[in-house]
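Each value in this text was obtained by applying a stated rule to the coordinates, not by laboratory testing. Only a predicted model underlies this, so the values are computations on that prediction, with no experimental measurement involved. Here the Cβ positions follow ideal geometry from the backbone for every residue, glycine too, while neighbour counts run over all protein chains shown.
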Amino acid sequence: MTKTLAPSEDFLQSLKQLVGPSGWQHPDDAARYLDDPRGYVRGKAALIVLPSNVEEVSEIVRLCAQSRIGIVPYGGGTGLVSGQIVPENDHAIILSLERMNAIRSIDPDNDSMVVEAGCILMDIQNAAQDANRLFPLSLASEGSCRIGGNLATNAGGIQVIRYGNARDLCLGIEAVLPDGTIYNGLSPLRKDNTGYDLRHLLIGSEGTLGIITAASLKLFPKPQSSSTAFCALPSPSHAISLLNFCREAMGDTVSAFELMCSEGMDVLAQHFPKERHPFNGEYSWFALIEIAGSPSIEEKFETVLMEAFENELLLDSVVASSSAQSQALWRLRELMADANKLGGVFCSSDTSVPKNRVGEFIKMTDAAILELNPDLIINKYGHMGDGNLHFNVFPPKGIGKDEFMEANPTTQEDVRRIINDMTHKLHGSISGEHGIGRLKTADLQRYGDPVKIAVMKSIKMGLDPDNIMNPGAIFSN
C-alpha cells in the first residue's frame, strides 16, 4: 500500500491554528496517547489533535489527504491490538475524539439516542438509564472506553448473547471519509433498504475507511428485575449444556453467561485478596450467569438452577441476594484482566470458536501448550454464550515474566501459534472481539480467507487510495 509522508513544520502549524491552543498536544507532553494497555509496544506521533466538532475533523482529514499524512483515530486508548498506536515512526497525526463527547439527543419513544464518538460508554449507559432505558453494551473498560472506538472495533462484551455486538446496537453513523467529506447517516430508522449500508462498512473497520464522529444507538426497556448466579461446573462442556438448559427454560432473559476456571480464580486471589471466592477453591470450572426480565424472574431462575443441579449440569451455585452481592460476583470477572497483568501473563488470546466446540478447543489447546512446558499456568475465561474465549498463559510458579522470557525466547510465539492453529482447525476466528489492529496483521494474512482479504483491500483502495486512514492497521504497510 502507499506509504504516507512525514509532515512538515508548516503543516503541523496549520493544524494547530485550525484547532486552536486547546485542541492540540505535543507528543512529548502527551504520553497517554502513546501507551499500549498491555505494554507490548510504545507509540510515536508527530502531533495529537483534539477537534471539537465534525467540521474540524473534516478539515483535518482534508488537509492530511492533500499532503498524504497518516491519521490514527483515538478513542479511549483501551484497544488491545495496537490499532491506536504507531510504533514504527512519528509521521502520523493522532486524532482524539475525546472533546466530541456530547449526547446530542435521547428519544425514548423511538428507543434511540444520538451521541458523539468521544462519549465514554458508561456515560451513555447512565444517560439511557436516566431516560428509563437500557443501552446494553457492557465492557470491563466501560469507564474509560469511548463509543467511537467501540464501533470502530465492533466491540463485544458480556451481553452479546442477548443484545449482540456494537454493530447490532447502532442504527446509524456520522463519519468523515478519507477525502474529508462528511457522511450524514444518523437516521434512527430500523428499516432503510436503499443500497449499500455504509454504517456496517465503517463499523469494525478500525478507522481504516473513515472516522466515526457520531452514532444513533438502540435503546431497550429497562429490565424490572435481574438475578446473578455463580455456578460450579464439572467441565466446559457442561457449561454449554447449562447454557442451553437456561435458555430453553428462560428464553432471551439470559443476558450474560461467562466461563471461568480455577487457575484464574487463583491468580485473582493472589492479586486481589479482598475479593471473596464463593466456593473456597473446591471446583475447577465456573459459570457466571445473569438473568434480567420481569419481577418474578428471580424465583424462576432459582428453580431452573435447582433443576440443572438435579440433572447434574452443575455441582453447586450461589445466587446473589442483593445488588451488592451481584456486583461482588461480577468483580471476579471484571478484575481478571488486571489480575493477569499483575500475574505476569506473557500471552493473551482472543479466540472465537463454534459454541459446541468450546470444550474440545480447551482440551486440545491446553494439552498442546502444556506439551511445550508442563509447568505453564493457563487461565481460560470468556463469553461462553458466543464462543469467545481468552487464553492467558503465565510462566511457571515462582518465575517472573522477564526472567522466563529471557530464558525461553521462542515460547511466547510458540504458544500464540498453538492457539491460532487450533482455532483455525476448529473453524474459529483469531480475533473474536478485539480486532486486528497492528498486532495481528500477519495472523490475518496467515489464517484469513484470501478472497475476503482481497475484497477488503479493494474497498480500502477505493475509499482511501493514499492509505492515510490508520495506515498499518489491519493491513501491514
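Which residues in segment 416-438 have a backbone N closer than 18 Å to a point placed 7 Å from the Cα of TYR40 along the Cα-to-Cβ line? Within reach of a label on TYR40, which here means backbone N under 18 Å from a point 7 Å along Cα→Cβ, segment 416-438 contributes 416-424, 429-438. Computed on the Cα atoms alone, the convex hull of segment 9-98 gives a volume of 90 cubic angstrom per residue.
Taking a straight Cα-Cα cut-off under 13 Å and skipping sequence neighbours fewer than 8 places away in the same chain, the aspartates and glutamates within cross-link reach of LYS218 are ASP107, ASP109, ASP111, ASP168.
Using the Karplus relation 6.51 cos²θ - 1.76 cosθ + 1.60 with θ = phi - 60°, the per-residue 3J(HN,Hα) values for segment 257-273 come to 8, 10, 9, 9, 10, 5, 4, x, 5, 5, 5, 4, 5, 5, 9, 10, x Hz, with x marking Gly and Pro.
How large is log10 of I(q)/I(0) for segment 339-477 at q = 0.10, 0.15, 0.17 Å⁻¹ when the intensity is taken from the Debye formula with one equal scatterer per alpha-carbon? Those come out to -0.39, -0.80, -0.96, one per q. Only helices enter the 222 nm calculation for the chain: every DSSP H run of n ≥ 4 contributes -39,500 (n - 2.57), and dividing by all residues gives -10500 deg cm²/dmol, rounded to 500. Viscosity 1.002 mPa s, temperature 20 °C: what is the translational diffusion coefficient of segment 105-146 from Stokes-Einstein with a Kirkwood Rh over Cα pairs, rounded to a whole number of µm²/s? Diffusion coefficient, whole number: 204 µm²/s. Expressed as a fraction of 2.2 N^0.38 Å, the value expected for a compact globular protein of N residues, the C-alpha radius of gyration of segment 59-119 is 1.47. Estimated from the Cβ-Cβ distance and a Förster radius of 41 angstrom, the FRET efficiency linking ASP252 and ILE103 is about 0.90. Can you give the FRET efficiency to the nearest 0.05 for ASP28 and GLU406, using r as the Cβ-Cβ distance and R₀ = 30 Å? Once the sixth-power term is evaluated, E becomes 0.45.
Label-to-label distance for PHE309 and SER321 is 1.4 nm, based on points extended 7 Å past Cα in the beta-carbon direction. With contacts taken as Cα pairs under 8 Å at a separation of at least 6 residues, the chain carries a relative contact order of 16 percent. Here the peptides 335-342, 72-79, 238-245, 125-132 are ranked by packing, the mean other Cβ count within 10 Å, and the order with the highest first is 72-79, 238-245, 335-342, 125-132. For GLN66, project a label point 7 Å along Cα to C-beta. Then give me every residue of segment 151-190 with its amide nitrogen under 14 Å of that point. Answer for segment 151-190: 179-181. Here LYS452 is the anchor, and the lysines within straight C-alpha reach of less than 21 Å, apart from those fewer than 8 places off in the same chain, are LYS425, LYS440, LYS460.
Selection among GLY83, ALA30, VAL49 by position relative to the dipole of segment 9-98 gives GLY83 as farthest towards the positive end (Cβ unit charges, Cα centre).
Put simply, the amide H of TYR183, placed in the peptide plane, has neighbours under 5 Å in ALA175, VAL176, LEU177, leaving out anything fewer than 5 places away on its chain.
Rounded to whole numbers, the Karplus 3J(HN,Hα) couplings from phi for segment 153-164 are 9, 6, 4, x, x, 8, 10, 4, 4, 9, 10, x Hz, using 6.51 cos²θ - 1.76 cosθ + 1.60 with θ = phi - 60°, and x at Gly and Pro. Among 285-292, 393-400, sorting by the average number of other beta carbon atoms lying within 10 angstrom of each residue, highest first, gives 285-292, 393-400. Under a 5 Å amide H cut-off, with hydrogens placed 1.01 Å from N, LEU171 pairs with SER216, LEU217, LYS218 among residues at least 5 apart or on other chains.
Residues ARG357, ARG276, ranked from the fewest to the most other C-beta atoms within 10 Å, line up as ARG276, ARG357. For segment 140-290, the Kirkwood estimate of the hydrodynamic radius, built from every pair of different alpha carbons, is 18.3 Å.
Could you state, as a whole-number percent, how many of the C-alpha pairs of segment 225-337 are farther apart than 20 Å? The share of Cα pairs beyond 20 Å in segment 225-337 comes to 36 percent. Rounded to the nearest 0.05, the FRET efficiency derived from the C-beta distance between ASP421 and ILE182 at R0 = 51 Å is 0.70. The distance from the alpha carbon centre of segment 225-290 to that of segment 7-83 is 41 Å, rounded to a whole number. The rule of thumb for compact globular proteins, 2.2 N^0.38 Å, goes into the C-alpha radius of gyration of segment 103-221 0.98 times.
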